[in-house]
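Each remark here refers to the structure printed beneath this line.
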Amino acid sequence: MKVTIVGAGAVGATTADNLIRRNVAEEIVLLDIKEGFAEGKAQDMAQTAALLGFESKIKGVTNDYLSTAGSTVAVITSGIPRKPGMTREELIGTNANIVKSVVENLVKHSPDIIIVIVSNPMDTMTYLALKSSGLPKNRIIGMGGTLDSARFKYQLSEKLNASAADLNAIVIGGHGDTTMIPLIKHSTWNSIPVTDFLTPEEQGEIVHKTMVGGATLTSLIGTSAWYAPGAATAAVVESIVRDQGKLFTASVYLEGEFGQEDINLGVPVIINKKGWDRIVPIQLDEEDKEKFNKSAEAVRTMNNVLKE
Ligand code: NAI
């Protein structure tokens with residue numbers, strides 16, 4: 001099984017590193033536009049095989065899409081990341097052109113491919129990939145909610161002094177500082193509602209810290225983060241390749257679900273060898289429904305920029 005990763009930068013390379021360490025695919029192709037960049041990163045990673053004991057092969061290429069032929073899954077991380085003070089939405093112009101041409105090249109050589117979009121603004125890039133590729137909706141997945149949910153669990157685990165692995169918590173809606181919705185009322189710690197342990201002020205603080213989680217890291221590091229984004233992307237890819245059927249929040253095409261249509265937004269889905277297989281319905285209360293609709297409005301405004 002072959003997995004292609006487009007963009008050998010921080011997130012793309014970290015995704016590849018997570019995948020090879022776990023032998024998720026026999027072959028990984030890392031592709032970048034920068035001459036020699038993906039080749040170098042791939043060789044560096046391949047040289048860890050003797051130390052870490054994995055069998056996966058990784059190959060780096062410069063813009064050579066023929067090498068990606070026959071890929072089961074591709075991850076698109078190509079584009080520019082945000083700098084301190086920038087929103088994900090400000091990346092739209094540059095990244096839209098990149099994502100569109102990358103999708104076209106991938107589909108040409110692997111018509112049955114499943115594409116995982118990471119490039120920001122992610123929900124809009126996922127919508128663009130779906131519309132421009134003509135692929136069935138289940139084969140286009142936007143990765144954002146998986147990362148945001150991991151960050152939400154981190155904030156909860158810090159406050160509760162609990163293991164993140166014991167927490168069930170998801171973030172739905174758009175993948176933006178103001179559009180994501182951490183569902184605190186639905187979150188549990190080993191089946192017990194976390195709200196039983198937290199004051200309303202503490203709940204508000206956790207939700208806020210989750211929403212600005214990416215921006216906080218960007219201001220600390222000077223560019224956007226990559227460890228958690230790479231691990232989250234690899235988890236989604238692994239669920240496809242190994243047909244695990246895990247539940248993730250991912251940006252998928254809605255046709256009436258959650259009261260929205262003709263838009264890609266983060267909702268809970270089952271991910272397996274078909275791509276995203278089905279949406280898992282959740283009962284939102286009026287407050288969360290309103291937040292979801294506002295989030296959709298903001299993402300739709302961004303999608304409309306593509307049409308200008
Ligand atoms: P980076 O700058 O480290 O890597 C991007 C790579 O894409 C560079 O190596 C660049 O040469 C390459 N590239 C640019 N145009 C290309 C093209 N046409 N074909 C192939 N390669 C091309 O950036 P980083 O930090 O890896 O972030 C990548 C993207 O992912 C950004 O848009 C960022 O905002 C987004 N991101 C999304 C997250 C999510 O949860 N959805 C989380 C973190 C980052």
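The values are calculated or read from the model by the stated rules, or taken from the named source; none is laboratory data. Values in this document were obtained by computation on a predicted structure and should not be read as measured data. FYI the Cβ positions are ideal-geometry reconstructions off the backbone, even for glycines, and counts take in every protein chain you see. Each accessible area value is taken on the protein alone, full model and side chains, heavy atoms only, with ligands, DNA and RNA left out. Shrake-Rupley method; radii C 1.70, N 1.55, O 1.52, S 1.80 Å.
Numbers below:
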| item | result |
| --- | --- |
| Amide H partners (placed H, <5 Å) of Arg278, local residues excluded | Ile270 |
| Net charge, Ile80 excluded, C-beta distance under 14 Å - Lys, Arg +1, Asp, Glu -1 | +1 |
| Net charge over other residues, Cβ less than 11 angstrom from the Cβ of Glu26 (K, R count +1; D, E count -1) | 0 |
| Heavy atoms of Glu205 accessible to a 1.4 Å probe, total area in Å² rounded to 10 | 70 |
| Solvent-accessible area per residue, Å², over the range 31-82 with all protein chains present [probe radius 1.4 Å] | 52 |
| Mean residue ellipticity (222 nm) of the chain, computed from DSSP H runs ≥ 4 via -39,500 (n - 2.57), nearest 500 | -13500 deg cm²/dmol |
| Accessible-area order (highest first, 1.4 angstrom probe) of the listed residues Ser224, Ser163, Ser239 | Ser163, Ser224, Ser239 |
| Zone of Asp243's modelled label, taken as backbone nitrogen in the range 1-27 under 18 Å from a point 7 Å along Cα→Cβ | 1-3, 24-26 |
| Protein accessible area in the range 53-199, 1.4 Å probe - carbon and sulfur % | 50 |
| For the chain, alpha-carbon Rg over 2.2 N^0.38 Å | 0.95 |
| Note, ³J(HN,Hα) from phi for the range 111-117, Karplus 6.51, -1.76, 1.60, rounded to Hz, x at Gly and Pro | x, 9, 5, 10, 10, 10, 9 |
| Stokes-Einstein D (µm²/s) once Rh is taken as the Kirkwood radius of the range 110-260 over alpha-carbon pairs, at 20 °C in 1.002 mPa s | 131 |
| For the chain, built as a Gaussian network whose Cα springs stay under 10 Å, the top-fluctuating residue of Asn18, Asn293, Asn190 | Asn190 |
| The range 22-170, Rg to Rh (Cα coordinates; Rh as Kirkwood inverse mean 1/r) | 1.01 |
